[in-house]
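The values are calculated or read from the model by the stated rules, or taken from the named source; none is laboratory data. This one's a predicted model, so the numbers in the text were calculated from it and none came from an experiment. A quick note on method: Cβ atoms are made from the backbone with ideal geometry, for glycine too, and the neighbour counts reach across all protein chains shown.
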């Protein structure tokens, strides 16, 4: 169970009062808030929840080293279960919930832990804890599923929306001969909006457009959404009414007639 805003407020000030919010400052707050010889580290659970809350403000939501420093805030030794009963009855449950929450956030962000993180968890909770079991499952499954997506995307994703649109079209178009073009609306004399369009057409689609009669209308359907990790892009589809072919029937002798 996450602490309330009132419980987080004293620990949130560590991240609110700094002027420069970057990775180095965030790591400095994590390492200097509690003294190395402090075995109790009172309030460290609320501090960790506050750190997770302000990761986006410091630009470190996908940094593995930062997550290791966050887990390193837990005191060492005192929360390790001494026997099987303590391990099964969720020894130091609130602290384990907090650590599992950190791992859940990593998993949601697609960040795979490493062996060093396992040693940090082992030093704080032991190998019989639920936290270490969660870590073990992540170490087993995440490397296996990392490359399961056939449409691999660069990490991190580009900031340019045009490049994102091209990646989305490459993901959607199965024909390798598809031609992707970039158009600027400002190139047209009568354009009002200074916008752009990224278009994708396969040779078969181009042929269908060329053969389409002017008497029949074309429709633009959309917008629909395609997702690139956690970024959504809107796309439109150019379509027409389906062709109606004559019904061909066959008699018992196998002769066809319409």
I'd like the full set of residues that are farther than 17 Å from residue 237 by Cα and either assigned to a strand (DSSP E or B) or not assigned by the TED database to the domain that holds residue 204 (or both), limited to region 165-188. 184
Just checking, does region 135-154 include any residue being outside the structural domain of residue 72 (by the TED database) and surrounded by 12 or more Cβ atoms within 10 Å (Cβ to Cβ)? yes
For residues that are surrounded by fewer than 10 Cβ atoms within 10 Å (Cβ to Cβ) and at pLDDT below 90, tally how many sit in region 219-250. 11
Check 22, 56 and return the single one that is free of Cβ contacts under 8 Å to residues at least 24 places away in the same chain, within 26 Å of the chain's Cα centre (by Cα) and surrounded by fewer than 16 Cβ atoms within 10 Å (Cβ to Cβ). 56
Of residues in region 85-96 being surrounded by 17 or more Cβ atoms within 10 Å (Cβ to Cβ) and under 28 Å from the mean Cα position of the chain (by Cα), the one nearest to residue 118 (Cα to Cα): 96
Lone qualifier among 82, 115, 76, 105 - being in the same structural domain as residue 31 (by the TED database), surrounded by fewer than 16 Cβ atoms within 10 Å (Cβ to Cβ) and either farther than 29 Å from residue 23 by Cβ or touching a strand residue (DSSP E or B) at 6+ places or on another chain (Cβ under 9 Å) (or both): 82
The condition from (1) surrounded by 14 or more Cβ atoms within 10 Å (Cβ to Cβ); (2) on the phi > 0 side of the Ramachandran plot; (3) touching a residue at least 40 places away in the same chain (Cβ under 8 Å) that residue 110 misses is numbered (1)
